[in-house]
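Report on one structure; see the data block that follows.
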Amino acid sequence: MMDYIRLLALMCLTLPAHSEMTSMLDDDMDGFLSNIPELQSKPYVHQVSLRANFDLGSQHGRLSSCQNNKPRKEKSFYPCWNHQAQPFFDQLGFLLRKEDSGAVPTEFRFVLSKSGRLKDIQIYGVSDTPTKNKLLQLLKQMEFGYTYRGQDEPVILSVDTKMVSAGQ
């Protein structure tokens, strides 16, 4: 008799938990999807200009070790930059909006320290705070090798980001 009462109590408790599963109609699905922000792939191109008072090397230069626990080689800045910059440029692509028809100019000023880190980073042309913070974080993570010679060197990076049209 006790098992019968427990079974009846269990059935009473589980009744409200049952519901009917129905499929979403196409109109319901369209309404649901229309509330999700549009995410799309945007093809873009970056025009890059690097300026400094020391020889940056070539963008096609030989990649030496860029780790900060190894010495920096002459003319290694540009190859090290190219080796590490893809996440940075991908983040810059988020600045583009559908309505941007021309290039979006940005400028990054920083100092290449003797320890191989970028410091005193200033960012111009980026007003979106989350994107600016992510770019700052990506720049701080880069490594260029240490040096005992010379001094901290200022570097200016100018980037024009432009959406690629379908005809290009």
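Note on Lys140/Ser58: beta-carbon distance plugged into 1/(1 + (r/R0)^6) with R0 of 22 Å gives a FRET efficiency of 0.30.
Per-residue Karplus couplings for segment 82-87, computed as 6.51 cos²θ - 1.76 cosθ + 1.60 with θ equal to phi - 60°, are listed in order as 4, 5, 10, 7, 4, x Hz, Gly and Pro entered as x. In this structure, the pairs whose alpha-carbon distance is over 26 Å, taken from Lys70/Lys140; Lys70/Lys132; Lys70/Lys119; Lys73/Lys134; Lys75/Lys132; Lys73/Lys119, are Lys70/Lys132; Lys73/Lys134; Lys75/Lys132.
Please grab the % of Cα pairs in segment 127-168 that end up more than 11 Å from each other. When every Cα pair of segment 127-168 is considered, 80 percent fall beyond 11 Å.
Computed from phi, the 3J(HN,Hα) profile of segment 121-131 under the Karplus parametrisation 6.51, -1.76, 1.60 (θ = phi - 60°) reads 7, 10, 10, 10, x, 10, 9, 6, 4, x, 5 Hz, with x in place of Gly and Pro.
As a proxy for reagent exposure, ranking Arg51, Arg109 by other Cβ atoms within 10 Å from fewest up yields Arg51, Arg109. Treating r as the C-beta distance of Asp90 and Arg149 and R0 as 30 Å, the FRET efficiency rounds to 0.35. Taking amide H atoms as placed 1.01 Å from N in the peptide plane, the amide H of Val104 lies under 5 Å from those of Thr161, Lys162, each 5 or more residues away in sequence or on another chain.
Read the figures in this text as sums done on the coordinates, not as results from a lab. Note that the coordinates shown come from a computational prediction; the quantities given were computed from them, not determined experimentally. Positions of Cβ are backbone-derived with ideal geometry, glycine not excepted, and every protein chain shown enters the neighbour counts.
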